[in-house]
Amino acid sequence: MAYPFFAKTFLIFILVAPVNNVRHEPRHIHRKKMMIRKAVFSLVLVALAGVSLVGSAQAAAIAKRTHESTIVGAKAGVIPPTSSVQDLEAALKHSYIGTYAIYGALPDEYKTTLYSSIKDGGNIQDFRNQVIKMRLHRH
């Protein structure tokens, strides 16, 4: 996972920064600085690990959903008859996530036109071609 520039810079500073400056500090000040450095370093590591885990979990959920919808879509190949635009959108979202993403970006009048062409059911490939043509304004 790519971490922000400031996080990388901060980690490098903590790991590489000199332990003592040119003047020799009293030992108790040096110990306090080292304790603070260790605490900050630990907090940064925990925060970065948490961000990484959340990102991984979200990516896994999206991949699983995409995989499931691809399998369902590949097997079915047909959009079932629907009673409303919302039902069509739900069917697309469940079975054809890619088509749903393009369809969702269309204006409402295009969605209504597409719905009227598929409300009695139909082939997903033909519907997909219509969606793409409308998205590219070539209808």
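Bear in mind these aren't lab numbers, they're just calculated from the coordinates by the rules spelled out. Just so it is clear, the model here is predicted, and its values are computed rather than measured. Positions of Cβ are generated from backbone atoms using ideal geometry, with glycine treated the same way; all protein chains shown enter the neighbour counts.
Given in Å, the Rg to one decimal and the Dmax to the nearest whole number for the Cα atoms of region 77-139 are 10.2, 27.
Couplings 3J(HN,Hα) for region 34-46, derived from phi with the Karplus relation 6.51 cos²θ - 1.76 cosθ + 1.60 (θ = phi - 60°), are 5, 5, 5, 4, 5, 5, 5, 4, 4, 4, 5, 4, 5 Hz, where x marks Gly and Pro.
Annotation: amide H-H contacts under 5 Å for residue 122 (H modelled 1.01 Å from N, sequence separation of 5 or more, or interchain): 79.
Approximating the spin labels as points 7 Å out from Cα along Cα→Cβ, the residue 41-to-residue 83 distance works out to 6.5 nm.
Using θ = phi - 60° in the Karplus curve 6.51 cos²θ - 1.76 cosθ + 1.60, the 3J(HN,Hα) couplings for region 96-101 round to 9, 4, x, 5, 4, 5 Hz; x is entered for Gly and Pro. Each peptide in 29-36, 122-129, 101-108, 87-94 receives the mean, over its residues, of other Cβ atoms within 10 Å, and ordering these scores from highest gives 87-94, 122-129, 101-108, 29-36.
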